[in-house]
Amino acid sequence: MAVSKDVPLWQQPVPESAEEAAQMEHHRRVRLTLDPVAPVQAQQMIMEPMRRQTLRFYVIFVILFGLVITELITWVYQMWWGLGVTGLTRPTMWAVYIVNFVYFIGIGHAGTFISAALRALKVEYRRPISRAAEIVTVFALATAGTFPIIHLGRSWKFYWLLPYPNERQIWPSYHSPLLWDLTAILTYLSCSILFAYIAMLPDLAMLRDRSTGRWRLFYRILALGWRGSEQEWHNQETALNVFTYAIIPVMFSVHTIVSWDFAMALQPGWHSTVFGPYFVIGALFSGAGAVILALILLKKTLHLDYFLRDEHFNGMGIFLLLLSMAWAYFYFNDYLAPWYGKAPADVVLYNQLSHGYAAPFWYTMLFANIVLPWATLWSRKIRTNLGAMFFIALMVNVGMYIERVIIIPISLGVNELPYDWGRYPLRLPETLITIGAFSLVGFLYILFTRFFPIIPYWEVFEGQIVHKVQRIGKALIPARSEPD
Amino acid sequence: MAEVQLLGLFYQPESVAGALDRLRALGITDDKMTVLSMAPYRPEMLGRPKPKGRVGRIALFGALFGVALGLFLSVGIWLLYPLHQGGQPVVPIPPTLIVLFECTMLGTMWSSFFGMLGENRFPKFRKTIYDPRITEGFIGLAVEADRSLSDNIESIFWDHGAHDIVHDQAAEKTDPKQRAFWLSVGGVLIALTVILGLFVYDIIRIPFPTNMANQESIAYLQGPRLAAPPDAVPVQGPVLIDGQPATDPVPSSPDSIQRGKVLFGYSCQVCHGPNADGKSPIAGFFNPPPADLTSPQVQQLTDQEIYLVITNGFGLMPSEAEVLGREERWDVINYIRTLKK
């Protein structure tokens, strides 16, 4: 098989017959890795939306920024007057802030999972979506990290959690799950940022080569002098491999430890041995939903139709369906044992859920997390319909938020002593702070997409080099090959 | 012997592999040639020796450093600050494992990141031969050789279908902007750490009442507390009347003393210290410091007086009524009585 020396790598072979041409055309339409275009053209598609801002962008930008500022002002107000301005009171001393904390940590799980686990398993549809997912992780985790500090009340004392020799002569106690949490989250957040950055170096070099003026200086500094030499690729790959295999267990540990914040207490509804895996699956579930939401919004607003295709939403949809089934399995485990045990406080809590004041929450959760995904996601037509996927992923996130509401304020309202039962009264400050937190993630995300390439182009390019079609009988079949 | 640097740009990996073979025949060794590309081509595709990197080994060392950090955070801190908590031993194994795991992973990943930077000599301050067309998908073959071979190399490049050849006579220039930027980043980080340290170690004190004990506290739905009239006798909880005990005392017995010892460990030891002599790790944070319970001043108090201190609190000591039941307070008193010097 002779290859002409001056034909670019991305040029397609000339089909031998009309029938072969039709098959090739089909593959090009369906698969990104079999539809290569010249890198300059692809890079243009990535950079164009970064540089050209529409009015819609500015409107969204200003709205999100305003909501974030509102959150900060509310936070200062709350610090000034104390946590008494919120609805936190006995017995629900943990409520919306901790719900947000768990929710955003959960969102932060899918990014690394998609990027690391799918990289380890060499799943092809990860290529164009891995960075979009990693960035969801980074910003969601950073936002989650603010909530324990907001919840402190005396937020300026958060550094007391850090172990360093201090004038108070007090060391933090690692007996407490809260400190395991701090250690795990700091590990996960810092390593997720480094992971995303290592994988971004070749793309930063690409932007450096395509930009001029100040932008060029900006990318030249961040690209650290990346040239794409064999040594650089080799070292990058080793580092990515280390991260891939180290960050997956860390990811599992982070949400397991978050679950231990609850499971280590003897609170009805919390003291469960299945909480660790149940939380991890829940985190992946809501996180995969959030990544789907982000991908749909990216595709629609940044016109990334070339990169984000049906195959990617199809793959993510299957992933979401599997996670929904796994979540249902763990939730049933978590539900059944206390239901069977009939401990008095558990019975009261379960009655609240099935026909008490919390019933609307509970049934919405079951519908959004189980009924809706199971009823729809089996169909490829629905998985590749962006409107339907947006709705399902949104509902999954609503359902998972409600799940945390049920675990935290609703469970806390029922304990062993009936005189101490209560319902959490939601108030304005925590509502504003919650809205602000969601806006913060969105705000940072759209800001990021304006400065950095959201598609890891070198991964797509690598995939397009190594993927070809092979003839088996009458059909051209995509040959799967990834160099090890 | 003047060196020259040449960079050929090719479309196909096969052309590069062919050119590499010819260049080797010319006497240029593999370490003088570098392939630059937009995607990671495997060394086998180009017939090149496998690059050697130490990132993996550096990560291993980082893991060991992480283990050491984890051991310090768990075992080290528990030895520095021996606080019994939740009925756990001073150095409990399961929580230690959790902290060890997280720190090991932290060390592994951070060191592999910095290992990658170091092995690639990032950030690079030197301008080396390069062409932006590499990121357009061309494969670059950079050769460093004697000036006399320059024409031979060029003809090999053209033979193998090079798209273009870039010459760089004045290679190895430094990039002042890169260096200035990274040096200033380092400077700002150091300065921030120092400034933070000034506040953290109270070298600069902010006159701001940040401790709960120094602030007025108003409970939920409660108005500001009014000062008591000068002749009022504020009484909350039980008081000493005629030397009568507030509740029936529990007679001292080995069982009661044993219970008292355990309860002391939960509720009192944090401040009064494991030997009840007022020497706890946090004692220095109180003024006046927690009382030495073995001292004559405490031991000469009547049982009823000690009972009221536990019930109502005293000075900076809060009331323990919520955590110790009536009989339990007597158990603690019986235990304290055994500590008399």
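The values are calculated or read from the model by the stated rules, or taken from the named source; none is laboratory data. Computed from a predicted model, the values in this text were never measured in an experiment. Neighbour counts run over all protein chains shown; Cβ positions are idealised from the backbone, glycine included. Heads up: the accessible areas ignore ligands, DNA and RNA and are worked out on the full protein's heavy atoms, side chains in. Shrake-Rupley method; radii C 1.70, N 1.55, O 1.52, S 1.80 Å.
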Work out the charge dipole of the protein assembly as shown with +1 on the Cβ of Lys and Arg and -1 on the Cβ of Asp and Glu about the Cα centre, then indicate which of A:Leu349, B:Val90, B:Leu46 is farthest towards its positive end. B:Leu46
The answer for the per residue Cα convex hull volume of segment B:1-145, in Å³, is 165 Å³
Just to confirm the number: angle between the C-alpha axis of helix B:93-119 and the first principal axis of chain B, 0 to 90 degrees, nearest 10? 30 degrees
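Can you give the charge dipole size of chain B about its Cα centre, rounded to the nearest 20 debye, using +1 on the beta carbon of Lys and Arg and -1 on the beta carbon of Asp and Glu?
Values: 28 positive and 34 negative charges, 126 e Å.
Dipole of chain B, to the nearest 20 debye: 600 debye.
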Taking every pair of distinct Cα atoms and averaging 1/r, then inverting, what Kirkwood hydrodynamic radius in Å comes out for segment A:3-80? 17.5 Å
Between the alpha carbon centres of segment A:366-441 and segment A:213-239 the gap in Å comes to 41 Å
Sorting A:Tyr219, A:Tyr329, A:Tyr424 on solvent-accessible surface, 1.4 Å probe, most exposed first, gives A:Tyr329, A:Tyr424, A:Tyr219
Give me the dipole magnitude in Debye, nearest 20, for the protein assembly as shown about the Cα centre, with unit charges on the beta carbon: positive for Lys and Arg, negative for Asp and Glu. 1220 debye
When you have a sec, figure out the Kirkwood radius of the protein assembly as shown from all distinct Cα pair distances and drop it here in Å to one decimal? 31.0 Å
Anyone know which of B:Ile28, B:Ile156, B:Ile241 comes out most mobile in the 10 Å Cα GNM of chain B? B:Ile241
Select from B:Ala25, B:Ala162, B:Ala321 the residue whose mean-square fluctuation is largest in a Gaussian network model of chain B (Cα-Cα springs shorter than 10 Å). B:Ala25
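Hey, got the dipole for segment A:282-406? About the Cα centre, +1 on K and R Cβ, -1 on D and E Cβ, debye to the nearest 20? Intermediate results must be reported in sequence, preceding the final value.
Details: 8 positive and 6 negative charges, 54 e Å.
With only Lys, Arg, Asp and Glu charged at Cβ, the dipole is about 260 debye.
Sorted from largest to smallest, which semi-axis lengths in Å does the alpha carbon gyration tensor of segment A:310-464 give for its equivalent ellipsoid, taking the root of 5 times each eigenvalue?
Numbers: eigenvalues 266, 98, 33 Å².
Rounded to whole Å, the semi-axes are 36, 22, 13.
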Taking just the C-alpha trace of segment A:233-338, give me its Rg and Dmax in Å. 17.7, 53
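For segment A:294-376, count the residues as N, evaluate 2.2 N^0.38 Å, and divide the Cα radius of gyration by that value, please.
Details: Rg = 18.3 Å, N = 83, 2.2 N^0.38 = 11.8 Å.
Relative to the rule-of-thumb radius for its length, segment A:294-376 sits at 1.55.
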Please list, in chain and number order, the residues 5+ apart from B:Lys127 or on another chain whose amide H is under 5 Å from its amide H, with Hs placed from the backbone. B:Glu172, B:Lys173, B:Thr174, B:Asp175
What value, in deg cm²/dmol to 500, does the helix sum -39500 (n - 2.57) over DSSP H runs of n ≥ 4 give at 222 nm once divided by the residues of chain A? -22000 deg cm²/dmol
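Strictly greater than 24 Å: what percent of every Cα pair in chain B meets that? All intermediate terms of the calculation are to be shown ahead of the outcome.
Working: 43350 of 57970 pairs.
Of all Cα-Cα pairs in chain B, 75 percent lie more than 24 Å apart.
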At 7 Å along the Cα-to-beta-carbon direction for both A:Leu178 and B:Ile93, put a label point, then send me their distance in nm to one decimal. 2.8 nm
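Per DSSP H run of at least 4 residues, take -39500 (n - 2.57); add these up for chain B, divide by its residues and hand me the 222 nm value, nearest 500 deg cm²/dmol. Spell out each step's value before the answer.
Numbers: 12 runs with 144 residues, N = 341.
So the helix-based figure for chain B works out to -13000 deg cm²/dmol.
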Per-residue SASA entry for A:Glu48, accessible area with 1.4 Å probe, Å² rounded to 10: 70 Å²
If you line up the long axis of helix B:150-159 against the longest principal axis of chain B, both from Cα atoms, how many degrees apart are they, to the nearest 10? 90 degrees
How far is helix B:326-337 tilted off the main Cα axis of chain B, in degrees rounded to 10, range 0 to 90? 90 degrees
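Please list the helices of chain A that count as membrane-span-like by this rule: a mean Kyte-Doolittle hydropathy of at least 0.0 together with Cα atoms stretching 20 Å or more along the helix axis, each helix being a complete DSSP H run. Could you put the intermediate results ahead of the total?
Values: long enough: A:55-81 (39 Å, 1.54); A:96-112 (25 Å, 1.31); A:130-151 (32 Å, 1.10); A:177-210 (48 Å, 1.02); A:230-263 (49 Å, 0.21); A:275-302 (39 Å, 1.66); A:310-341 (47 Å, 0.39); A:386-405 (28 Å, 1.52); A:428-451 (34 Å, 1.46).
TM-like helix candidates: A:55-81, A:96-112, A:130-151, A:177-210, A:230-263, A:275-302, A:310-341, A:386-405, A:428-451.
Kindly state, as a whole number, the per residue volume in cubic angstrom of the convex hull around the alpha carbon atoms of segment A:60-161. Write out the running numbers ahead of the final one.
Details: hull volume 13.6 nm³, N = 102.
About 133 Å³ per residue, rounded to a whole number.
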Taking the Cα atoms of segment B:1-81 alone, what are Rg (to one decimal) and Dmax (as a whole number) in Å? 22.6, 69
q = 0.07, 0.09, 0.13 Å⁻¹, chain A: log10 I(q)/I(0) [Debye, one scatterer per Cα]: -0.42, -0.68, -1.30
Coarse-grained scattering of segment A:122-197 at q = 0.12, 0.21 Å⁻¹, given as base-10 log I(q)/I(0) from a Debye sum over alpha-carbon atoms: -0.47, -1.01
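Determine the relative contact order of segment A:323-429: mean sequence separation of Cα pairs under 8 Å and six or more apart, normalised by residue count, in whole percent. Mind dumping the intermediate values first?
On the way: 71 pairs, mean separation 27.8, N = 107.
Dividing the mean separation by the residue count of segment A:323-429 yields 26 percent.
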Under a GNM of chain B (C-alpha, springs under 10 Å), which listed residue has the highest mean-square fluctuation: B:Thr135, B:Thr294, B:Thr96? B:Thr135
Compute, for A:His467, the solvent-accessible surface of its heavy atoms (probe 1.4 Å) with the complete set of protein chains present, and express it in square angstrom to the nearest 10. 20 Å²
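Order B:Glu144, A:Glu230 by their accessible area, 1.4 angstrom probe, all chains in place, largest first.
Details: B:Glu144 70, A:Glu230 35 Å².
In descending accessible area the options line up as B:Glu144, A:Glu230.
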